[in-house]
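A quick write-up on the structure given underneath.
The values are calculated or read from the model by the stated rules, or taken from the named source; none is laboratory data. This is a predicted model, so every value here is computed, not measured. Here the Cβ is made from the backbone with ideal geometry for all residues, glycine too, and neighbour counts use every protein chain on show. Quick note on the areas: whole protein, heavy atoms, side chains included, nothing else; ligands and nucleic acids left out. Shrake-Rupley method; radii C 1.70, N 1.55, O 1.52, S 1.80 Å.
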Amino acid sequence: MKRMILSAVGSILLGATTAMASNELVLHMTSGTTQRYVLLNEEPTISFSGDNIIVKTSTTESVYAMSEVSYFNYEYNEHSVATEIRGIRTGKDGDGMQVSDDHIAFSGLPAGCKIFIYGTGGQIFKTATADADGKANVSLTSLPQGVYIVNANKISTKITKK
């Protein structure tokens with residue numbers, strides 16, 4: 001019965017979002033955390049199997065126990081849209097982004113600027129905020145090898161962690 005209700009709610013949500021300008025699928029977990037999927041060129045497929053919720057894109061599949069998901073919805077977040085892939089601007093004082101094997105150092109950003117690191121499936125892997133001096137450091141040690149999109153100050157660039 002619980003599965004039928006979740007399926008019905010999911011169908012309603014999926015249908016209702018067609019007319020809305022949403023760009024993130026958000027799973028709200030019972031732990032109080034959220035799991036976000038940025039909708040780039042595709043919407044993830046949500047299905048149910050046994051006591052699991054399965055979120056599938058063309059590049060990834062994630063399985064969540066129903067008991068761990070309070071609800072899911074679609075949201076619009078203007079900061080999660082990677083509109084292009086190009087280099088971060090670099091100013092004459094060395095402002096910009098410095099990438100190493102295990103971290104990214106940012107400088108010259110506006111204070112409070114949000115930094116997002118996305119996987120190719122649209123999932124947000126890391127976030128950070130520039131300090132009052134416009135600097136931020138983001139550790140990459142917990143990320144697996146792969147291609148990521150870094151978005152800072154409305155500019156996106158593609159990086160590869162080897």
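Going by amide H atoms built from the backbone, whose H comes under 5 Å of the H on residue 48, apart from near neighbours?
Amide H neighbours of residue 48, under 5 Å, 5+ apart: 54.
Please list, ordered by chain and number, the residues whose modelled amide H lies under 5 Å from the amide H of residue 143; skip anything fewer than 5 residues away on the same chain.
So residue 143 has HN proximity to no qualifying residue.
Residues with beta-carbon under 13 Å from that of residue 112, excluding residue 112: net charge, scoring Lys, Arg +1 and Asp, Glu -1?
Details: positive: 114, 135; negative: 131, 133.
So the environment of residue 112 carries a net charge of 0.
Could you sort 142, 47, 70, 156 by accessible area so the largest value comes first, with the probe set to 1.4 Å?
142, 70, 47, 156
At 1.4 Å probe size, put 75, 68 in order of accessible surface, largest to smallest.
Working: 75 50, 68 95 Å².
These residues rank, largest area first, as 68, 75.
Rank these residues by their accessible area, most exposed first, probe 1.4 Å: 71, 118.
71, 118
Taking H as built 1.01 Å from N, whose amide H comes closer than 5 Å to the amide H of residue 156, not counting residues under 5 places away?
84, 86
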